[in-house]
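None of the figures in this text is laboratory data; all of them are computed from the coordinates on show. If you're wondering where the values come from, they're calculated on a predicted model, not measured in any experiment. Cβ atoms come from the backbone with ideal geometry, glycine included; neighbour counts cover every protein chain shown.
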Amino acid sequence: MSYELVIFDNDGVLVDSEPLSNRVLAEYLTELGYPTTVEDSYRDFMGSAAHRIHDVIAERYDGAKLPDGFDELFHARVFAAFAEELTAVHGAETLLKELRQRSVPYCLASSAHHTWIRTALDLTGLRGHLAEKRIFSAQDVGIGKPAPDLFLYAARTLGADPARCLVLEDSVNGVLAARAAGMDVYGYTALTDPAKLLAAGATGLIADLAEVPALLG
């Protein structure tokens, strides 16, 4: 198929942030009295908007509420880890350059906040490859993945038919969101069990971003 738009998830697809953010989140929740391993964090929160952390804690701990300022302090801790350790995913910059050279339209659509997205792009040197009008956050639609709203909003804003969009995702929630939006979606298997991505409806799988150009014909 000839795609009108390639949509990238950010965390785990363009920037290698998932190990850092999930480590920080697990440590912070455990510190607050909600024992959480990094594996728990991947399972419960990867690919979700920030509000899911609050929802899960409330569900599991009889309506417990995280302290005021939780999101702000969590982000501050993550950004500190980013500043020390964050890198781009292998092949991300090369792929974005190739898409631009081939005049293939692309954008980013992430459940993370706009500040989180831009901090990660700035620190990894990828910001220059994404124009402001091509960066979309769950903040723009009020709900994160697995709801399809974010992907549909990105396609509508950029004038693309959802059925002619290709999404690159590394989480089950991201795959579910793309399929609900009626888009093809390839699961990036660096951190997620390929079987889980396929079970969620992934059109196919990639193990390396270098495989993406071949998907575009």
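Quick one: what Rg and Dmax do you get for the stretch 18-85 from the alpha carbons, in Å?
Calculated on Cα positions, Rg and Dmax stand at 11.3, 37 Å.
TYR186: net charge of surrounding residues, Cβ under 9 Å, Lys/Arg +1, Asp/Glu -1, itself excluded?
Residues near TYR186 contribute -3 overall.
Under 13 Å between alpha carbons, and skipping anything fewer than 8 positions from LYS196 in its own chain: which aspartates and glutamates qualify?
Of all the aspartates and glutamates, those that pass the test against LYS196 - Cα under 13 Å, at least 8 places apart if same chain - are GLU169, ASP170.
Scaled to the compact-protein estimate 2.2 N^0.38 Å, what is the alpha-carbon radius of gyration of the stretch 1-119, rounded to two decimal places?
Here the Cα radius of gyration is 1.22 times the empirical estimate.
At a Förster distance of 35 Å, what's the computed FRET efficiency of ALA83 paired with LEU216, Cβ-Cβ distance as r, to 0.05?
Here the calculated transfer efficiency is 0.55.
If Lys and Arg each add +1 and Asp and Glu each add -1, what is the summed charge of the other residues whose beta carbon sits under 12 Å from the beta carbon of LEU5?
0
Any chance you could give the angle, 0 to 90 degrees and rounded to 10, that helix 70-85 forms with the longest Cα principal axis of the chain?
60
Suppose R0 equals 25 Å. What FRET efficiency, 1/(1 + (r/R0)^6) with r the Cβ-Cβ distance, do ALA64 and ASP193 give to the nearest 0.05?
Given R0 = 25 Å and the Cβ-Cβ separation, E is 0.25.
Using alpha carbon centroids, what distance separates the stretch 94-135 and the stretch 176-195, in Å?
Taking the Cα centre of the stretch 176-195 as reference, the centre of the stretch 94-135 is 19 Å away.
Size of the dipole of the stretch 63-165 about the Cα centre, Lys and Arg at +1 and Asp and Glu at -1 on the beta carbon, nothing else charged, in debye to 20?
With Lys and Arg at +1 and Asp and Glu at -1, about 440 debye.
How many nm separate the modelled label positions at HIS54 and GLU31, each set 7 Å beyond the Cα in the direction of the Cβ?
Between HIS54 and GLU31, the label points sit 2.0 nm apart.
Just ASP170, ASP68, ASP149 to compare: in a GNM of the chain, with alpha carbon springs under 10 Å, which one fluctuates most?
In this elastic network of the chain, the residue with the biggest mean-square fluctuation among ASP170, ASP68, ASP149 is ASP68.
Taking the chain as a Gaussian network, where each spring joins two C-alpha atoms under 10 Å apart, which residue of LEU166, LEU121, LEU32 fluctuates the most?
Maximum fluctuation in the GNM of the chain, among the listed residues, is at LEU32.
Tell me, what is the percent relative contact order of the chain, built from C-alpha pairs under 8 Å that lie six or more residues apart?
Result for the chain is 26 percent.
When a/c is below 1.5 the answer is rounded, else prolate if a/b is larger than b/c, else oblate, so apply that to the chain with a ≥ b ≥ c taken from the square roots of the Cα gyration tensor eigenvalues.
Since a/c reaches 1.5 and a/b is larger than b/c, the shape of the chain is classed as prolate.
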